[in-house]
Amino acid sequence: MVKVDSDGAGYHILWGLTEDAVPTSELPAHFLSHSERIKLTGGKDRVIMHCHATNLIALTYVLENHSDLFTRKLWEGSTECLVVFPDGVGILPWMVPGTDEIGQATAETMQKHSLVLWPFHGVFGSGPTLDETFGLIDTAEKSAEVLVKVLSMGGMKQTITRDELIALGKRFNVQPLQSALDLYP
């Protein structure tokens with residue numbers, strides 16, 4: 001865990017990285033995403049977290065890697081998902097990790113989504129606190145786990161409908177990603 005200096009010119013190690021360990025090769029993706037989320041949220045989002053969420057990764061092998069489709073399936077997999085990430089899930093094309101290219105693409109996608117999925121690799125999440133950011137990723141991962149199980153049992157027979165998703169958004173005063181709502185009835 002690192003904390004960026006107030007002038008943005010360096011960082012301090014708060015936890016981990018003992019002995020000769022060095023920061024992840026994906027640090028540029030973290031910093032670029034952090035910068036975008038700070039601008040977008042007026043400083044509210046202070047945490048960028050990246051992890052290798054097994055079930056989210058698994059879904060990248062069986063679902064079309066399309067942001068609206070992934071978003072809609074996760075919303076349908078667990079009622080709280082629409083409330084926790086109404087802005088949906090961004091998905092990048094596969095890229096080599098640790099490159100400037102994937103860092104820039106992640107940051108650009110973070111302009112629209114607080115969750116960004118790297119197919120076959122992992123997920124980035126952004127939020128105001130460690131707890132909220134972990135909760136964001138964990139909520140998506142729990143829904144992905146449900147979907148993995150449902151798909152292994154032959155697929156969905158019924159799910160949360162578009163109208164029910166809209167009602168859920170109204171009840172919790174969140175605006176769902178319209179393109180994901182409009183994907184199908």
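Throughout, read-outs are computed from the coordinates displayed, never taken from laboratory work. Given the structure is predicted, the values throughout are model-derived calculations rather than measurements. Cβ sites come from the backbone with ideal geometry, for glycine too, and all protein chains shown count toward neighbours.
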Next on the checklist: Give all pairs with beta carbons closer than 6 Å in which a residue from segment 33-59 that is closer than 12 Å to residue 106 by Cβ meets a residue that is surrounded by fewer than 14 Cβ atoms within 10 Å (Cβ to Cβ); count only pairs at least 6 apart in sequence or on separate chains.
Outcome noted: 36/111
Next on the checklist: Looking at (1) under 19 Å from the mean Cα position of the chain (by Cα); (2) surrounded by 15 or more Cβ atoms within 10 Å (Cβ to Cβ), which one does residue 179 not meet, given that it meets all the others?
Outcome noted: (2)
Checklist entry - With segment 128-185 as the region, which helices (runs of 4 or more DSSP H) entirely inside it contain at least 1 residues that are more than 19 Å from residue 67 (Cβ to Cβ)? => result 130-152, 162-171
Checklist outcome for this item: Scanning segment 96-127 residue by residue, those outside any loop (DSSP other than H, G, I, E, B), of a type in the set (Ser, Thr, Tyr) and over 23 Å from residue 176 (Cα atoms) turn out to be none
Checklist outcome for this item: Pairs returned, first residue in segment 97-120 that is farther than 14 Å from residue 71 by Cα, second residue that is basic (Lys, Arg) and buried (at least 21 other Cβ atoms within 10 Å of the Cβ), beta-carbon separation under 7 angstrom, 6 or more apart or interchain, are 110/37
Checklist entry - Among the helices (runs of 4 or more DSSP H) contained in segment 1-92, which hold 2 or more residues that are surrounded by fewer than 18 Cβ atoms within 10 Å (Cβ to Cβ)? => result 27-41, 54-62, 80-84
